[in-house]
């Protein structure tokens, strides 16, 4: 069951400066509306709308029979209309465990996403919201990940795990313009030779993350700095082996590690508690889904979660 009411509307383009527009990050420009364009959510943590926290009404109006999700229709590896994203799979898992059918309301990840979906009761949950974002109420996290350094093994970068490593000084590094690690590249003196990839693309037809990984494989660039779920997903599909190293040792610039939960309305306290219970009960299954997509998962000790150690 799919809400198609928005399928014919112009997509929102988001022009950002410096960082993505999570509450953790900084928004520095206004949105524009352009027919056929989609704000890319493939450059960092899943994006939320800007603005004040949503203060929905005092009643919990959760559909008792349908697990209703709002999601981006063209945003792999997170979600798409074919159900191929890991957030699709996690939502299906929850619907099954709750004994509900599932429906998606599709809306591009752009300003207005929350106010035009969750806030007006078109869905009851948004998958993939970072803890600390106050535009919605966020559940307990179901994964923790980070921006990563991606490179081909055997090219002189094996063992590099921080952007301050001197072996990177003469390298050409890819980075998505406007994402947090771009600030790190500036502070670490790596931006002069860096190759920039666009923050805003039409995700129906292109992906900056996919383009960056292709350039690493073809040796157009020596390495790339990319959000973990994207790095792991595209590296897994690469025709050549790639090393994906979470950047956990950075001391300059914005933080690069995030805990990701689900977003619900502030009025839905019982619903939040129910989702928290589900996250706890199904964590092993959730982790297995994420690992199958190549998502680099980080535990609270800053160690990689391997399939053999996942519980």
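Computed from the coordinates by the stated procedures, all read-outs in this text should not be read as laboratory data. Computed from a predicted structure; not experimentally measured. FYI the Cβ positions are ideal-geometry reconstructions off the backbone, even for glycines, and counts take in every protein chain you see.
Please report the base-10 log of the normalised intensity I(q)/I(0) for region 171-311, using a Debye sum with one equal scatterer per alpha carbon and no solvent, at each q in 0.13, 0.14 (1/Å). Those come out to -0.70, -0.79, one per q. Would you mind classifying region 146-246 by shape? Square roots of the alpha carbon gyration tensor eigenvalues, ordered a ≥ b ≥ c; an a/c under 1.5 is rounded, otherwise it is prolate if a/b is larger than b/c and oblate if not. Judged from the Cα gyration tensor, region 146-246 comes out oblate (a/c at least 1.5, b/c at or above a/b). Sorting 279, 126, 191 from the fewest to the most surrounding beta carbons within 10 angstrom yields 191, 279, 126. Taking the number of Cβ atoms within 10 Å of each Cβ as an exposure proxy, the fewest-first ranking of 214, 74 is 214, 74.
A Förster distance of 35 Å, applied to the separation of the beta-carbon atoms of residue 158 and residue 255, puts the FRET efficiency at 0.85.
Once the C-beta distance of residue 300 and residue 177 is scaled by a Förster radius of 41 Å, the resulting FRET efficiency is 0.85 to the nearest 0.05. Measuring nothing but how far apart in sequence close Cα pairs (under 8 Å, 6+ apart) lie, relative to its length, region 146-246 scores a relative contact order of 44 percent.
The ranking of 215, 158 from fewest to most other beta carbons within 10 Å of each one's beta carbon is 158, 215.
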